[in-house]
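To keep things clear, I will list the structure first and then write my remarks on it.
The values are calculated or read from the model by the stated rules, or taken from the named source; none is laboratory data. The shown structure was predicted, so the numbers you read here are calculated from the model rather than taken from an experiment. A quick note on method: Cβ atoms are made from the backbone with ideal geometry, for glycine too, and the neighbour counts reach across all protein chains shown. Surface areas here come from the heavy atoms of the whole protein model, side chains and all, with no ligands, DNA or RNA. Shrake-Rupley method; radii C 1.70, N 1.55, O 1.52, S 1.80 Å.
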Amino acid sequence: MTPENLEDAFVAFDHVQKSYDGEVLVVKDLNLQIAKGEFVTMLGPSGSGKSTCLMMLAGFEVATHGDILLNGQPINNIPPHKRGIGMVFQNYALFPHMTVGENLSFPLEVRKMGKSDREAKVRRALDMVQMGDFINRRPAQLSGGQQQRIALARALVFEAELVLMDEPLGALDKQLREHMQYEIKHIHEQLGITVVYVTHDQSEALTMSDRVAVFDDGVIKQLAKPADLYELPENAFVAQFIGENNKLEGVVRAREGENVIVDLDGGMTARALAVNCGAVGERTMLSIRPERVSLTDDGPNSTDALVKELIYLGDHIRCRMSVSGHDDFIVKVPNASGHKHLIVGENTKVSWQTEDCRALDA
Amino acid sequence: MTDTGPVLAADGTPLKKKLAQALFVSRARAFSLVLPLLIFIVASFIIPIFSLMVQGVKNDTYSSNMPATTAIMAEWDGASELTEDMFAALVTDLIQARADKSIGRVATRVNREYAGTRSMFTKSARRAAKLEAPFMAAMLDIDEDWGDINVWGAMKVSSQTLSPAFYAAALDADYKADGSFVRLDTEDRIYVYLFVKTLAVALAVTLATLALGYPVAWLLASLPIRQSNLLMILVLLPFWTSLLVRTTAWIAMLQSHGVLNNVFVWLGITSDDSRFSLIYNMTGTIIAMTHILLPFMILPLFSVMKGIPPTYLRAAKSLGATNWTAFWRVYFPGTIPGIGAGALLVFILSIGYYITPALVGGQDGQLISNFIAYHMQKSLNWSLAAALGGILLVIVLAIYWVYDKVVGIDNMKMG
Ligand SMILES: Nc1ncnc2c1ncn2[C@@H]1O[C@H](COP(=O)(O)OP(=O)(O)O)[C@@H](O)[C@H]1O
Ligand SMILES: [Mg+2]
């Protein structure tokens, strides 16, 4: 699925840089290849340059350096209205003085399409988002979720092969957002379009995407499938940003094949998978997912822990502990029959498998 | 509690009454807050406008000072033979008016209906006390024009306390003693042409401010805050400079040896001996009014444009619209409420504009308001001034009405 070189990619960013003020690079050497039909999400904290990338792709911002290619052709000099890229904005950007039907008809009119063709396409697009009955309404008469559907239909009605979405669900409440995630995903599969999606919500990125590009400060920190992103983070930023993470810091003492032995700052020695750590003597950060920690005393990584706080969450119990000098070490204890009952203030043992503990950049 | 009886509050009074009592206090408080403004508006706006409307149709200068002829004029049809009774009444009135020192005002009043009669009244009043019957012959002896039926017609019109004479005059018509209206001769007509000219100038100024203001408002709305603040100061500059400074500046700029003309000559647009006349005429009026009224167009436009998210234009372009289509089909319709508000404001302000035409308009650039001022201050024909003002008011209301029908008043955004 992932295109290896620029020519094969449907969309490609080739060493793209962007600066607004000539002083700060908002996007730093971005390389990203997207295959036809793929759903790629740009995920990252606010201000990390995701929207800027999307705007460059749409043609509203000019790359300071580098090429953006669509179907193998550089598009830097093509104005936005000739790119044929559909776009969904966070605030929907539906034209308030036009009805729903007129909004959808607009891209077809500017393409000089005949009236009957237009009507048929508008109908089809509205039916696709289950909004057929709303054709004569004005945007102001629709709820946020309905407006979002119309905005989606409008981006799809002129049969764009590439659709960009910039935090399209950001203004919706949680329940509606989850429902729309599912619908967008469904439409993506049904139409076979390519979607570049921007969000700062990691669960949204993980549930919808084929691949996720994690942005931080204008750099893609990791580009991977959602499952890999969670289970195999390549650096400390991704491990911290995606899901919940326990971090333990220390110095690399020795390497043993795939593994390293790390002297943690709290005095303990741990074995970890050498993913992205420096040479012997350098600092590293160990990452362990809370659900991979068990309350047992066996294996190579076992240490003392002091129970600080317990939160009952039904299916599991969230347990905050003090481990190796870190007060925010989280363990998820499944609420299975016969699980160990902890009490606050109790001293216990925790352990984890070496392959679940990843040594990353400090 | 029964099913049919009124709902009672805890102390037994009906709930409705209790609620009304509670609301009365808060309403009274709210009313007391607006009361000073209400009094001010009534005293400074509603009463003057009402009295203006009354002034335009009511004038008792003649009837209150010349009671005897006023009574006889009411009987007279304005066409039949003059009688001895009429002359007798006239002599009585003239004697009394001279004693009251009101003869000058009466003479002026009649003179407005029929020019050239003023001296007849003052001259005859001086000699009236010594006259003896028959008065017709005696009066004709003083001035044979007393036999002119038109003089008596003018007196009849003047004697009517309520009369459309001033409105007729304001519309270039003559109200005759027999109740008919006659349009003035072409060379005597002034006011209709002035109204039309005033409306045309107002339209020209509105279009000029729109054409100049729209791009500026757009720039204001789309620039980063620091630059837009600076630009806003430039836009508001006319408000912050005194009128005299501005007028001096216009004179320096626009006069025939002013900056602008020098530049035109230098650029070869015109030759040294055929410089443009840009001031003390209609051109000067339009230039100066456009300058002063520009902020009234820009500010509503700006506030409307500020409310249009920039993503609309981006969305339109992403949907395949060219820059022009995106502007015309998406952006422009959104600015119509601002255009409406700005145009209405500028148009109505221009219709009543007075000081600028007076300063830089010369002969040709005078508008209706300058003539109203003239009648208020120089000719002291307040009734005519009131009639002109009343017509102006009607025009303004008509424009509001048309605007409401076409655009809708509640569609208007001031900021
Ligand atoms: N039009 C602009 N002019 C100047 N700076 C901008 C502009 N748009 C975005 N930026 C800056 O670029 C950085 C990245 O912004 P953006 O791409 O919007 O991030 P994200 O979408 O990931 O939140 C931010 O620091 C932001 O302040
Ligand atoms: Mg953004």
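Results for (1) more than 14 Å from B:Ala177 (Cα to Cα); (2) touching a Phe, Trp or Tyr at 6+ places or on another chain (Cβ under 9 Å), shown as yes or no for each residue.
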| position | (1), (2) |
| --- | --- |
| B:Asp93 | yes, no |
| B:Arg127 | yes, no |
| B:Ala137 | yes, yes |
| B:Leu140 | yes, yes |
| B:Glu144 | yes, no |
| B:Ile149 | no, no |
| B:Val157 | no, yes |
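Highlighted here are the helices (runs of 4 or more DSSP H) found entirely within region B:323-395 that include at least 2 residues which are open to solvent by 30 Å² or more (accessible area, probe 1.4 Å), within 14 Å of another protein chain (Cβ to nearest Cβ) and farther than 30 Å from B:Val110 by Cβ: B:332-351. For A:Phe95, the stated conditions do not hold, so it cannot be described as away from ligand 1 (no atom under 16 Å from the Cβ) and touching a Leu at 6+ places or on another chain (Cβ under 7 Å).
Checked against (1) of a type in the set (A, V, I, L, M, F, W, C); (2) modelled with pLDDT of 90 or more; (3) surrounded by 10 or more Cβ atoms within 10 Å (Cβ to Cβ), B:Leu37 passes all but condition (3). Could you pull out the residue among B:Ala97, B:Ala74 that is open to solvent by less than 60 Å² (accessible area, probe 1.4 Å) and part of a helix (DSSP H, G or I)? Testing whether each residue is open to solvent by less than 60 Å² (accessible area, probe 1.4 Å) and part of a helix (DSSP H, G or I) leaves just B:Ala97.
Can you report the number of residues in region A:277-306 which are in a loop (DSSP other than H, G, I, E, B) and surrounded by fewer than 19 Cβ atoms within 10 Å (Cβ to Cβ)?
Step one: of region A:277-306, the residues in a loop (DSSP other than H, G, I, E, B) are A:277-282, A:289, A:293, A:295-300.
So of that shortlist, the ones also surrounded by fewer than 19 Cβ atoms within 10 Å (Cβ to Cβ) come out as A:278-282, A:295-300.
Within region A:277-306, residues that are in a loop (DSSP other than H, G, I, E, B) and surrounded by fewer than 19 Cβ atoms within 10 Å (Cβ to Cβ) number 11.
Confirm whether B:Arg246 is part of a helix (DSSP H, G or I) and within 14 Å of another protein chain (Cβ to nearest Cβ). When the stated conditions are applied, B:Arg246 does not pass them. Filtered by the rule that a residue be open to solvent by 40 Å² or more (accessible area, probe 1.4 Å), among the hydroxyl-bearing types (Ser, Thr, Tyr) and touching a residue at least 40 places away in the same chain (Cβ under 8 Å), region B:197-251 gives a lone residue, B:Ser222.
Okay, residues lined up against (1) away from chain A (no Cβ under 14 Å); (2) more than 30 Å from B:Leu388 (Cβ to Cβ); (3) touching a residue at least 40 places away in the same chain (Cβ under 8 Å):
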| site | (1), (2), (3) |
| --- | --- |
| B:Gly258 | yes, yes, no |
| B:Val263 | yes, yes, no |
| B:Asp272 | yes, yes, no |
| B:Arg275 | yes, yes, no |
| B:Phe296 | yes, no, yes |
| B:Leu313 | no, yes, no |
| B:Leu319 | no, yes, no |
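Applying the condition of being part of a helix (DSSP H, G or I) and polar (S, T, N, Q) to region A:86-133 and asking which residue is farthest from B:Ala321 (Cα to Cα) yields A:Ser116.
A single member of A:Met165, A:Met131 is surrounded by 20 or more Cβ atoms within 10 Å (Cβ to Cβ) and within 16 Å of ligand 2 (Cβ to nearest atom), and it is A:Met165.
Quick one: in region A:149-176, of everything that is among the acidic types (Asp, Glu) and within 16 Å of ligand 1 (Cβ to nearest atom), which residue is farthest from the other protein chains (Cβ to nearest Cβ)? If we take residues in region A:149-176 being among the acidic types (Asp, Glu) and within 16 Å of ligand 1 (Cβ to nearest atom), then A:Glu167 is farthest from the other protein chains (Cβ to nearest Cβ).
Of everything listed in (1) among the aliphatic types (A, V, I, L, M); (2) in contact with a Lys or Arg (Cβ under 7 Å, 6 or more places away or on another chain); (3) in the same structural domain as B:Thr83 (by TED's automatic domain parsing), the single unmet condition for B:Ala177 is (3). Identify, please: which residue in region B:281-309 is surrounded by fewer than 22 Cβ atoms within 10 Å (Cβ to Cβ) and over 22 Å from the mean Cα position of the chain (by Cα) and is, among those, nearest to B:Gly361 (Cα to Cα)? Restricting to residues being surrounded by fewer than 22 Cβ atoms within 10 Å (Cβ to Cβ) and over 22 Å from the mean Cα position of the chain (by Cα), the top hit is B:Ser303.
Report yes if A:Phe241 is open to solvent by 20 Å² or more (accessible area, probe 1.4 Å) and under 13 Å from the mean Cα position of the chain (by Cα), otherwise no.
yes
When the helices (runs of 4 or more DSSP H) confined to region A:178-259 are screened for residues that are modelled with pLDDT of 90 or more and either within 16 Å of ligand 1 (Cβ to nearest atom) or within 14 Å of chain B (Cβ to nearest Cβ) (or both), those reaching at least 2 such residues are found at A:202-208, A:236-241. Taken together, the residues in region A:125-148 that are out of contact with any helix residue (DSSP H, G or I) (no Cβ under 8 Å at 6 or more places or on another chain) and away from every other protein chain (no Cβ under 14 Å) amount to 4.
May I ask you to list the residues in region A:62-107 that are of a type in the set (D, E, K, R) and either at the interface with chain B (Cβ under 9 Å from one of its Cβ atoms) or open to solvent by less than 20 Å² (accessible area, probe 1.4 Å) (or both)?
Looking only at region A:62-107, we keep the residues that are of a type in the set (D, E, K, R), and these are A:67, A:82-83, A:102.
Within region A:62-107, A:Lys82, A:Arg83 qualify.
Evaluate region A:18-39: report whether one residue or more is within 12 Å of ligand 1 (Cβ to nearest atom), over 19 Å from the mean Cα position of the chain (by Cα) and not in a loop (DSSP other than H, G, I, E, B). Yes, some residue in region A:18-39 is within 12 Å of ligand 1 (Cβ to nearest atom), over 19 Å from the mean Cα position of the chain (by Cα) and not in a loop (DSSP other than H, G, I, E, B).
Looking only at residues in region A:25-39 that are within 16 Å of ligand 2 (Cβ to nearest atom) and open to solvent by less than 10 Å² (accessible area, probe 1.4 Å), which one is farthest from A:Ala224 (Cα to Cα)? Walk me through it before giving the result.
Initially, region A:25-39 is screened for residues within 16 Å of ligand 2 (Cβ to nearest atom), giving A:26-27, A:30.
Right, trim to open to solvent by less than 10 Å² (accessible area, probe 1.4 Å) and you get A:27, A:30.
Values: A:Val27: 19, A:Leu30: 15 Å.
Per the criteria, the residue is A:Val27.
Can you name every residue in region A:203-224 that is within 15 Å of ligand 2 (Cβ to nearest atom) and either farther than 20 Å from A:Lys18 by Cα or surrounded by fewer than 24 Cβ atoms within 10 Å (Cβ to Cβ) (or both)? Across region A:203-224, the qualifying residues are A:Glu204, A:Ala205, A:Asp216, A:Asp217, A:Gly218. Within region A:46-61, is there a residue that is open to solvent by 30 Å² or more (accessible area, probe 1.4 Å), within 16 Å of ligand 1 (Cβ to nearest atom) and either assigned to a strand (DSSP E or B) or more than 14 Å from chain B (Cβ to nearest Cβ) (or both)? Yes, some residue in region A:46-61 is open to solvent by 30 Å² or more (accessible area, probe 1.4 Å), within 16 Å of ligand 1 (Cβ to nearest atom) and either assigned to a strand (DSSP E or B) or more than 14 Å from chain B (Cβ to nearest Cβ) (or both). Looking only at region A:54-96, residues that are within 16 Å of ligand 2 (Cβ to nearest atom) and among the hydrophobic types (A, V, I, L, M, F, W, C) come to 10 in all.
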